[in-house]
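A quick write-up on the structure given underneath.
The values are calculated or read from the model by the stated rules, or taken from the named source; none is laboratory data. Nothing here was measured: the structure is a model prediction, and the numbers come from that model. In this analysis, Cβ positions are derived from the backbone assuming ideal geometry, glycine residues included, and neighbour counts consider all displayed protein chains.
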Amino acid sequence: MPPKYIIALSGGADSVCLLLKMREAEHDIVAAHCNFHLRGSESDRDEQFVRDLCSRLDVPLRVRHFDTAAEARRNGESLEMAARRLRYAWFEQLRQEEGAVAVCTAHHRGDQAETLLLNLLRGSGVEGLAGMEMRSGTLWRPLLHTSRAEILSYLAEHRQEYVTDSTNADTTLRRNHLRHKVLPLLREQNPAVEQTLAATAQRLREACHFYRLGLEAELARLLTEADGVYSLSVNALTAHPARLTLVHAALGDTFPTTMHAQIAALVEAQPGRHFTHGPWLVCRARTALEWGRTDVPLPLSGEATIDADRLKGPLRLRPLQPGERFSPYGLSGTKLVSDYLADRHVSLLRRRKLRAVADDDGLVWLPGHTVANRVAVTPKTRHTITLNAETL
């Protein structure tokens, strides 16, 4: 059987051109149309146009309706971001249901140029400036090297109509502002600016191949992970000529990219300085930059034997409490648990991930560290209990 492809079909010039070209090449195709219900009757007009076109061309069509505005409100995101997320999630679901090789979108050379400029304005790194790839996993862009002029010429030659999204003229949207305001100015300096920018993105994508190889080697050398705690040596980061790039790659999407520069700057901060994002915490430890999820506890380590007769109520495994005090074995008086652990160079992250054993009177055992004086075994002890991962 020939491979099958999902064609993202909005009804606009670019996607209609893609549909015709894929059909012309006799590929097995299924068209997919999203109605986001954001433009009133215009959204319904686009859907009807796509239905009529696919019926005339005898191309199977799948249509999905979304309440995009409600979805954006529910997730606290822009309409544009909500539509993008919904669109690509459904395309991938449809690809799997249809047993298709890839989802094909109609991004063209002009889109590539705009993407490079957008990412440049956002402050992107090398990979962002490399723009879009023609094939990114199961998402393919067959028209990426095709100009908008070539697309329109192809449609005119085939006398094929298409619909126009009225929001494409809204220059308050950043991409449209670039398309209608900025790029015309750049064309005055370079009439082939889209081609130049797209070629630059292509060269950067090729350079990214070597960039990734080097970055992977550096991460393999410097990044460690143990018990859900990721770590980069402060000494290594301080001396590294590409500290921010290394931190950016190591953090991935656990923290927003807008926080990466602040996180990299923790190398120069005092131990204990930290940032949080949801359940994630990154901190400047004594000798390393550490990050991990505080809602995933450290595994219980070691074991402790205590006086069973001195326990008050049932034993519980729980997180440490803010301002909690205890009397550590071998020390007189009480001490803040946080100070006790800090004195032993336990990082803030590991403190947050630590689960202690307590009874009704407070802490009994800090796994891997010590027991409380009040339950310590003495010559007068009659009954003992051993605490470890198996008994708790």
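In table form, for the structure just shown:
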| read-out | value |
| --- | --- |
| Segments classed as helices (runs of 4 or more DSSP H), wholly inside segment 152-246, with at least 1 members that are touching a strand residue (DSSP E or B) at 6+ places or on another chain (Cβ under 7 Å) | 193-222, 234-239 |
| Close pairs from segment 244-257: first assigned by TED's automatic domain parsing to the domain that holds T276 and closer than 17 Å to A220 by Cα, partner of a type in the set (S, T, N, Q) and part of a helix (DSSP H, G or I), Cβ under 8 Å, at least 6 apart | H248/T257 |
| Verdict on L79 being within 30 Å of P184 (Cβ to Cβ), surrounded by fewer than 21 Cβ atoms within 10 Å (Cβ to Cβ), within 23 Å of the chain's Cα centre (by Cα) and in contact (Cβ under 8 Å) with a residue 40 or more places away in the chain | yes |
| In segment 64-83, the residues that are polar (S, T, N, Q) and assigned to a loop (DSSP other than H, G, I, E, B) | S78 |
| Residue match in segment 327-338 (condition: of a type in the set (F, W, Y), more than 30 Å from the chain's Cα centre (by Cα), not assigned by TED's automatic domain parsing to the domain that holds H260 and not in a loop (DSSP other than H, G, I, E, B)) | no |
| Yes/no for E133 being acidic (D, E), at pLDDT 90 or above and touching a helix residue (DSSP H, G or I) at 6+ places or on another chain (Cβ under 8 Å) | yes |
| Flag for H27 being assigned by TED's automatic domain parsing to the domain that holds G99 and touching a Phe, Trp or Tyr at 6+ places or on another chain (Cβ under 6 Å) | yes |
| Segment 147-205, subset exposed (fewer than 12 other Cβ atoms within 10 Å of the Cβ) and among the small types (G, A, S), residue nearest to R56 (Cα to Cα) | A156 |
| Residue tally, condition part of a loop (DSSP other than H, G, I, E, B) and either touching a helix residue (DSSP H, G or I) at 6+ places or on another chain (Cβ under 9 Å) or under 30 Å from T386 (Cα atoms) (or both), over segment 271-281 | 3 |
| Residue within segment 84-94 that is in a loop (DSSP other than H, G, I, E, B) and either free of Cβ contacts under 8 Å to residues at least 40 places away in the same chain or surrounded by 15 or more Cβ atoms within 10 Å (Cβ to Cβ) (or both) present | no |
| Test: L348 is closer than 28 Å to W291 by Cα and at pLDDT below 95 | no |
| Qualifying residue in segment 26-41 (condition: surrounded by 14 or more Cβ atoms within 10 Å (Cβ to Cβ), of a type in the set (F, W, Y), touching a residue at least 24 places away in the same chain (Cβ under 8 Å) and part of a loop (DSSP other than H, G, I, E, B)) | yes |
| From L317, L363, L341, residue being outside the structural domain of W280 (by TED's automatic domain parsing), assigned to a strand (DSSP E or B) and surrounded by 17 or more Cβ atoms within 10 Å (Cβ to Cβ) | L363 |
| Residue within segment 46-63 that is touching a Ser or Thr at 6+ places or on another chain (Cβ under 7 Å), touching a residue at least 12 places away in the same chain (Cβ under 8 Å), in the same structural domain as V182 (by TED's automatic domain parsing) and not in a helix (DSSP H, G or I) present | no |
| When residues of segment 48-74 are limited to those that are over 32 Å from the mean Cα position of the chain (by Cα) and buried (at least 17 other Cβ atoms within 10 Å of the Cβ), the one nearest to Y88 (Cα to Cα) | V50 |
| All positions within segment 282-314 that are assigned to a loop (DSSP other than H, G, I, E, B) and of a type in the set (D, E, K, R) | R286, D295, E303, K312 |
| The listed residue being farther than 15 Å from L348 by Cα and not aliphatic (A, V, I, L, M), out of R284, R243 | R243 |
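A quick yes/no check of all residues on (1) closer than 17 Å to C34 by Cα; (2) in the same structural domain as V16 (by TED's automatic domain parsing); (3) at pLDDT 95 or above:
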| position | (1), (2), (3) |
| --- | --- |
| A72 | yes, yes, no |
| A82 | yes, yes, no |
| G99 | no, yes, yes |
| H107 | yes, yes, yes |
| L120 | no, yes, no |
| G123 | no, yes, no |
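Let's see how each residue does on (1) more than 19 Å from the chain's Cα centre (by Cα); (2) surrounded by 18 or more Cβ atoms within 10 Å (Cβ to Cβ); (3) of a type in the set (D, E, K, R); (4) within 30 Å of T384 (Cβ to Cβ):
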{"residue": "L251", "(1), (2), (3), (4)": "no, yes, no, no"}
{"residue": "T257", "(1), (2), (3), (4)": "no, no, no, no"}
{"residue": "A269", "(1), (2), (3), (4)": "yes, no, no, no"}
{"residue": "R284", "(1), (2), (3), (4)": "yes, yes, yes, no"}
